[in-house]
1. Hey, can you tell me all the residues within segment 62-88 that are surrounded by 11 or more Cβ atoms within 10 Å (Cβ to Cβ), at pLDDT 95 or above, in a helix (DSSP H, G or I) and not aromatic (Phe, Trp, Tyr)?
2. Based on this model, can you work out whether Thr14 counts as exposed (fewer than 14 other Cβ atoms within 10 Å of the Cβ) and closer than 16 Å to Ser78 by Cβ?
3. Tell me, which residue of segment 35-61 that is within 16 Å of Leu82 (Cα to Cα) and open to solvent by 60 Å² or more (accessible area, probe 1.4 Å) is farthest from the chain's Cα centre (by Cα)?
4. Name every residue in segment 21-33 that is within 13 Å of the chain's Cα centre (by Cα) and open to solvent by less than 40 Å² (accessible area, probe 1.4 Å), in order of residue number.
5. Scan segment 56-80 and report the pairs whose first residue is farther than 13 Å from Gln7 by Cα and whose second residue is open to solvent by 70 Å² or more (accessible area, probe 1.4 Å) and among the hydrophobic types (A, V, I, L, M, F, W, C), with Cβ atoms within less than 8 Å and a gap of 6+ or a chain change.
Amino acid sequence: MALFVVQHKHSAETCPAGHPQMGPMLVKHVSKSNAKKFGVNILGDAVINNSHTFVLIVDAPDSGKVKEFMAPFFQAGSVEILPASTCEQVVARARC
């Protein structure tokens, strides 16, 4: 498994949070049990207040699985999937 940081951004106009159908659907989609169906393990998630930015930290076999899992978010805005390392891994190899 590889570690990834995922960042989704959307505009205020396309924000799904207040949408009566889209908001609950996305909450269900980012559940750990649903992510596992895609081979993705969600380690953490957060929304940056007032910025329409959603961040996930996930483990997955590859970025393709993460992209597949994040497919619904492409409808509302951008999705960036970044390969990542833990702090411990970076220190062990002595470089970022």
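The values are calculated or read from the model by the stated rules, or taken from the named source; none is laboratory data. Only a predicted model underlies this, so the values are computations on that prediction, with no experimental measurement involved. Cβ atoms come from the backbone with ideal geometry, glycine included; neighbour counts cover every protein chain shown. The protein model used for the area step is the full one, side chains on, heavy atoms only, and it has no ligands, DNA or RNA in it. Shrake-Rupley method; radii C 1.70, N 1.55, O 1.52, S 1.80 Å.
1. Selection gives Ser63, Gly64, Lys65, Val66, Lys67, Glu68, Ala71.
2. On the way: exposed (fewer than 14 other Cβ atoms within 10 Å of the Cβ): yes; closer than 16 Å to Ser78 by Cβ: yes.
Yes: the conditions hold for Thr14.
3. Checked segment 35-61; the qualifying residue farthest from the chain's Cα centre (by Cα) is Pro61.
4. Taking segment 21-33 first, the residues within 13 Å of the chain's Cα centre (by Cα) are 26-27, 29-32.
Residues satisfying the conditions are Leu26, His29, Val30, Ser31.
5. Asp59/Met1; Asp59/Leu43; Ala60/Met1; Pro61/Met1; Pro72/Met25
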